[in-house]
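The values are calculated or read from the model by the stated rules, or taken from the named source; none is laboratory data. Every value quoted in this text rests on a predicted model; they were computed, and no experiment measured them. Cβ sites come from the backbone with ideal geometry, for glycine too, and all protein chains shown count toward neighbours.
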Amino acid sequence: MRSILLLPLLLAGACSSPEQPATSTPPLADSSAAPLEPLDTVRPATVDAQADTLLTSRSRHVFSAPGTPDVFSLVLRGSSVLSSEAAFTITTAGGEVIFREMLTSSDLEAAMVYEMTGPTATQNEREAYVRKRVQEFFAEKNFKRPAVPKSAIFPGSTEAPAGLDRAAWDDLRSRPAAVAFHYLVGKEDRRTVAWSPLRKQVVHIP
């Protein structure tokens, strides 16, 4: 009788499988808690090359090649009109810069002294004069042909600009179609440049 009572218990134990250990899934990382990438304080900020451009004057004129105008450009850059630099460039139709000279706003303003009606000028008057100089820098009257007149005499050492090339000057004198450009720097520094076919470059001439 006792053995009959134990049989159902043994059968129940044999049918039940052992309990499997529970597995747990690791919690997902909280993306909101991830550290932010530090700001880049080393890489320079993007700068607009034209952001400080104050005034621009451009003119197309035959200069280095017959029948093909070059671009004459004067670009004033800086924090203000009276404290700025002006880049004077001559660029061929093909995009080659054949002449570059840096001027200052003071170089453009200095000649104002000859037009003043009083002992001093206001800031607005000075700025207006510099703007006028930039606008009129490439006036047609500043281009001359021939660059060197046939009757011209080679200047003495005290009159010739630094680095004046006698051979280039003689060559220009023999070319009636050569064009010269005249411009004023400061109060009385009158400069003249021309394209030298002999030297294949821009040269200063008297």
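Annotations for the structure displayed:
- Segment 56-65, subset surrounded by 15 or more Cβ atoms within 10 Å (Cβ to Cβ) and touching a Phe, Trp or Tyr at 6+ places or on another chain (Cβ under 8 Å), residue nearest to S196 (Cα to Cα): S64
- Test: V130 is surrounded by 13 or more Cβ atoms within 10 Å (Cβ to Cβ), modelled with pLDDT of 95 or more and closer than 19 Å to T192 by Cβ: no
- Residues satisfying the stated conditions in segment 66-83, i.e. surrounded by fewer than 16 Cβ atoms within 10 Å (Cβ to Cβ) and either of a type in the set (K, R) or free of Cβ contacts under 8 Å to residues at least 12 places away in the same chain (or both): G67
- Being exposed (fewer than 13 other Cβ atoms within 10 Å of the Cβ) and farther than 17 Å from R190 by Cα is a description that does not apply to I98.
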